[in-house]
Amino acid sequence: MKSSSILVFAGASVLVVACTSTEPRATARDSFGNYATTANYKSMQRAEFTTAIRAGLSDFDVRKQELETRASKLGQEVINRLHEQLPRLEEQRTNLVNEMARLDAALDKDWPDRREDTQAAYDELRSSLDAAYAEVLG
């Protein structure tokens, strides 16, 4: 009886080891803990990217408002330097919003190209804001 129990245990162990796979699972969780099939995985990345860009745009707005507030406390010369920077910042912000609209409207096959364009517009906006800080407050 003891040998048959050991045999059953050994057989079950072999079965468990044989069924273990190193292949990736067919499902993945999104940032909210919901499961998505691998067919939707690229869309999930798209949603996360869009959310991150929107958060970056909100951060830009907060930092721009902070720059305006700080400039207003430092006198007219600093305010004049700020006013020289604002048109470029607003133009680049509008460009980013337009790229985001194109990204939202893009088909899945076009999404990687739109992502690159949106990322470039975001990077340009952030760089210009950093330059505006240096110009106005520096």
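Things worth noting here:
- Of all residue pairs spaced 6 or more apart or on separate chains, those with beta-carbon atoms under 8 Å, a first member in segment 110-138 that is closer than 24 Å to Leu86 by Cβ and a second member that is of a type in the set (Gly, Ala, Ser) and surrounded by 13 or more Cβ atoms within 10 Å (Cβ to Cβ) are Tyr122/Gly56; Arg126/Gly56; Val136/Ala71; Leu137/Ala71.
- Considering segment 69-97, the residues that are without any contact (Cβ under 8 Å) to a residue 60 or more places away in the chain, in a helix (DSSP H, G or I) and open to solvent by less than 40 Å² (accessible area, probe 1.4 Å) include one that is nearest to Leu57 (Cα to Cα), namely Leu96.
- Among the residues of segment 98-109, the ones that are open to solvent by 60 Å² or more (accessible area, probe 1.4 Å), within 21 Å of Ser58 (Cα to Cα) and touching a residue at least 40 places away in the same chain (Cβ under 8 Å) come to 1 in all.
- Every test in (1) acidic (Asp, Glu); (2) open to solvent by 50 Å² or more (accessible area, probe 1.4 Å); (3) modelled with pLDDT under 90 is passed by Asp30 save one, and that test is (2).
- Only one of the numbered conditions (1) open to solvent by 20 Å² or more (accessible area, probe 1.4 Å); (2) modelled with pLDDT of 95 or more is violated by Glu116, and that is (2).
The values are calculated or read from the model by the stated rules, or taken from the named source; none is laboratory data. What you see is a predicted model, and the numbers here were worked out from it, not measured in a lab. Here the Cβ is made from the backbone with ideal geometry for all residues, glycine too, and neighbour counts use every protein chain on show. Calculation scope for accessible area: heavy atoms of the full protein, side chains included, ligands and nucleic acids excluded. Shrake-Rupley method; radii C 1.70, N 1.55, O 1.52, S 1.80 Å.
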